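S.K.: Please find one structure pasted underneath; my questions will follow.
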């Protein structure tokens with residue numbers, strides 16, 4: 001399993017107690033979709049390693065109390081703190097017709113309502129402060145915020161993202 005076939009579910013925030021439990025922070029909109037997990041992948045030294053779960057109990061605020069099989073002491077889980085948690089893309093819940101996952105937008109054409117066709121989405125930047133589309137336009141990368149008001153519509157069938165760029169945004173990237 002490699003990262004391209006997965007999505008980041010969250011990360012291990014801290015150790016909980018002395019018997020090998022950890023607190024996991026989830027980076028998802030609907031944590032309840034994942035409460036029946038039996039296994040997950042942790043990134044360790046650049047590789048995804050499978051870990052099997054004894055329990056994965058939802059807590060308030062996108063937190064989970066997790067216990068891995070065969071890890072029963074604090075010393076065994078301390079080194080896991082900070083590890084990113086991944087699941088295969090196939091574990092993503094089905095979305096409604098008008099909803100989408102960011103990774104699905106890779107390769108979609110971006111069309112601005114005044115400038116027309118800008119180019120393809122080449123990457124998604126999932127930053128703490130803001131999510132951005134990395135779009136190839138005139139041989140340069142243009143970063144477009146993924147926000148209501150800027151992203152007007154996503155047509156999954158046509159593989160197009162319709163947007164209304166703020167005045168001057170494109171000019172910033174095209175200046176030499």
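S.K.: Starting from residues that are surrounded by fewer than 16 Cβ atoms within 10 Å (Cβ to Cβ) and out of contact with any helix residue (DSSP H, G or I) (no Cβ under 8 Å at 6 or more places or on another chain), keep the ones in region 108-122 and report whichever is farthest from residue 8 (Cα to Cα).
M.R.: Filtering region 108-122 for residues that are surrounded by fewer than 16 Cβ atoms within 10 Å (Cβ to Cβ) and out of contact with any helix residue (DSSP H, G or I) (no Cβ under 8 Å at 6 or more places or on another chain), the one farthest from residue 8 (Cα to Cα) comes out as 114.
S.K.: Hey, among 148, 131, which residue is within 25 Å of residue 30 (Cβ to Cβ) and out of contact with any strand residue (DSSP E or B) (no Cβ under 9 Å at 6 or more places or on another chain)?
M.R.: 148
S.K.: From the list 89, 26, 105, 18, which residue is exposed (fewer than 15 other Cβ atoms within 10 Å of the Cβ) and closer than 30 Å to residue 149 by Cβ?
M.R.: 89
S.K.: Identify, please: which residue in region 155-171 is out of contact with any helix residue (DSSP H, G or I) (no Cβ under 9 Å at 6 or more places or on another chain) and in a strand (DSSP E or B) and is, among those, modelled with the lowest pLDDT?
M.R.: 155
S.K.: Is it fair to say residue 152 is within 23 Å of the chain's Cα centre (by Cα) and outside any strand (DSSP E or B)?
M.R.: In short, no.
S.K.: With the requirement that a residue be closer than 17 Å to residue 143 by Cα and at pLDDT below 85, what does region 95-111 give you?
M.R.: Passing the criteria: only 103.
The values are calculated or read from the model by the stated rules, or taken from the named source; none is laboratory data. If you're wondering where the values come from, they're calculated on a predicted model, not measured in any experiment. Counting neighbours? That spans all protein chains shown, and the Cβs are built from the backbone with ideal geometry, glycine included.
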